[in-house]
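Single-structure report; data block below.
The values are calculated or read from the model by the stated rules, or taken from the named source; none is laboratory data. Since we're looking at a predicted model, the values are computed, not measured. Every residue, glycine as well, gets a Cβ built from its backbone with ideal geometry; the counts of neighbours run over all protein chains shown.
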Amino acid sequence: MLSHFQNPKRLRLQINCFEVDWQLSFLTQVCSSPFLLTSALEELHIGEPGHRFGSAHWKDAIENAQWLELLDLFTALKNLHLRGETVLRVFSALSELSEERVTEVLPALQNIFISGYLPEASRKAMKIFVAARRRSGHPVSVHTRTAGGEYTSWEDTTLL
C-alpha cells in the first residue's frame, strides 16, 4: 500500500505479508524501481507497523545480505530511523560489512535514530558498525529515544 502522509513530499510504503523475508525481498524490488528515486532519499524509517509483527515473526533465515541489498539502494540517505526488531536486524547486517564496504553501503549516512529497547545483541552490532565508520573517516551519530519522546545522543566510551 502506497500513501502520502500530511507532507506531500513523504511517501509511506507498507507491505502486508506474513513471511517477513518475502516483505524484505518485495520491498527491495519496489525500491529498485527507477520511478521511486530511492537513490535521492535522505530520510528513511524502518519498523514494524504498530508492532504487528513481533519478534516471533522475524526469521533468522532473513540473511544479512538481503538487508544490505536493500540498504545499498539508498546512496543519499542521511538519516535512518529504526524501531523494534529492525534495530537488531539492520545493525547485524551493517556490522558484518568489511572495512572496504563500510562506506559503500549508506555512504551519506550521518545519523541513526533508534526507538525502543536496545538489547545487548543490538548494542554490540551497533558498536561494531559505528566504530568501523569512525575508523573510515565517515562517522555516524546514533540517537536513542527517551521515555519522554526526545532523542539523545548515544555515546559509548569503548568506541574511542
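Does the range 111-120 contain at least one residue that is touching a His at 6+ places or on another chain (Cβ under 6 Å), free of Cβ contacts under 8 Å to residues at least 40 places away in the same chain and not charged (D, E, K, R)? The answer is yes, given that some residue of the range 111-120 is touching a His at 6+ places or on another chain (Cβ under 6 Å), free of Cβ contacts under 8 Å to residues at least 40 places away in the same chain and not charged (D, E, K, R). When the criteria are applied in full, L36 fails the requirement of being at pLDDT 70 or above and under 25 Å from R134 (Cα atoms). Filtering the range 75-130 to residues that are under 12 Å from the mean Cα position of the chain (by Cα) and in a loop (DSSP other than H, G, I, E, B) leaves L77, K78, G84, E85, V105, L106, L109. If you filter the range 15-33 down to residues that are in a loop (DSSP other than H, G, I, E, B) and either in contact with a Ser or Thr (Cβ under 7 Å, 6 or more places away or on another chain) or surrounded by 11 or more Cβ atoms within 10 Å (Cβ to Cβ) (or both), you find that the one that is modelled with the highest pLDDT is S32. If you filter the range 43-62 down to residues that are in contact with a Phe, Trp or Tyr (Cβ under 9 Å, 6 or more places away or on another chain) and at pLDDT 70 or above, you find that the one that is surrounded by the most Cβ atoms within 10 Å (Cβ to Cβ) is L44.
Taken over the range 70-99, residues that are closer than 22 Å to P139 by Cβ and among the basic types (K, R) amount to 1.
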